[in-house]
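All remarks here apply to the structure that follows.
The values are calculated or read from the model by the stated rules, or taken from the named source; none is laboratory data. Everything numeric in this text was worked out from a predicted model, so none of it was measured. Methodologically, a virtual Cβ is constructed for each residue, glycine included, from the backbone with ideal geometry; neighbour enumeration extends over all protein chains shown. Keep in mind that these areas ignore ligands, DNA and RNA; they rest on the heavy atoms of the full protein, side chains included. Shrake-Rupley method; radii C 1.70, N 1.55, O 1.52, S 1.80 Å.
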Amino acid sequence: MPVTGPDFLSLQVRDLAASQAFYERYLGLVRSQTGPPHAVVFATKPIAFALRDIVPGTDLDSVAQPGIGAAIWLHATNVQAVHDALAADGHTIVSAPIDGPFGRTFTFADPDGYHVTLHDRA
C-alpha cells in the first residue's frame, strides 16, 4: 500500500502547558477533545498539529534550533495580525512578512525555538 501523504505533525516541547498557551493565544488554535495525556492535539485541518512532552533521550537544549532542516508551515486567515501580536509581545520574528506566491507569509520562532511559517493563501 503506498503512502498517501502527511497525516499528523507533532513537535516535542520543553513545557507542554506553556507551549499550548502560546499556540492558543497567538495562533488561535483550539485543543481537540482527543489525544494522549503526554500531548496536546489541536483541531486543525487537513492534518492534526500537536505538541508533546519530550521523548526520553531527546535534548532540545543541545541544538541551536530544534527541527532544523524541516519546514513547518501553517495556514492562517490573518497572517499580519498574528505577526503584529507576536512582535508587540517581543517574540522572535525570523523573517518579516512578505507578499509572495503563498500570500502574506512570515516566519517566527516558537517558545522552543522551532521556526514556524504562516501563510494566508490556501
I need a count of the residues in region 23-64 that are among the hydrophobic types (A, V, I, L, M, F, W, C), more than 27 Å from ALA81 (Cβ to Cβ) and not in a strand (DSSP E or B).
5
Give PRO2, PRO6, PRO56 a once-over and let me know the one that is of a type outside the set (A, V, I, L, M, F, W, C), in contact (Cβ under 8 Å) with a residue 40 or more places away in the chain and out of contact with any Lys or Arg (no Cβ under 8 Å at 6 or more places or on another chain).
PRO6
Under 9 Å between Cβ atoms, at least 6 apart or on separate chains: pull out the pairs that start in region 12-30 with a residue that is closer than 15 Å to LEU74 by Cα and end on any residue that is open to solvent by less than 30 Å² (accessible area, probe 1.4 Å) and of a type in the set (Gly, Ala, Ser).
LEU27/ALA76; GLY28/ALA76
Considering only residues that are free of Cβ contacts under 8 Å to residues at least 40 places away in the same chain and in a loop (DSSP other than H, G, I, E, B), look in region 93-120 and name the one that is surrounded by the most Cβ atoms within 10 Å (Cβ to Cβ).
PHE102
Among the listed residues GLY90, GLY67, which satisfies the condition of being assigned to a loop (DSSP other than H, G, I, E, B) and either among the acidic types (Asp, Glu) or open to solvent by less than 40 Å² (accessible area, probe 1.4 Å) (or both)?
GLY67
ILE47: in contact (Cβ under 8 Å) with a residue 60 or more places away in the chain, surrounded by fewer than 17 Cβ atoms within 10 Å (Cβ to Cβ) and not polar (S, T, N, Q), yes or no?
no
Residue that is least open to solvent (accessible area, probe 1.4 Å), among those in region 27-44 that are more than 25 Å from ALA122 (Cβ to Cβ) and small (Gly, Ala, Ser)
ALA39
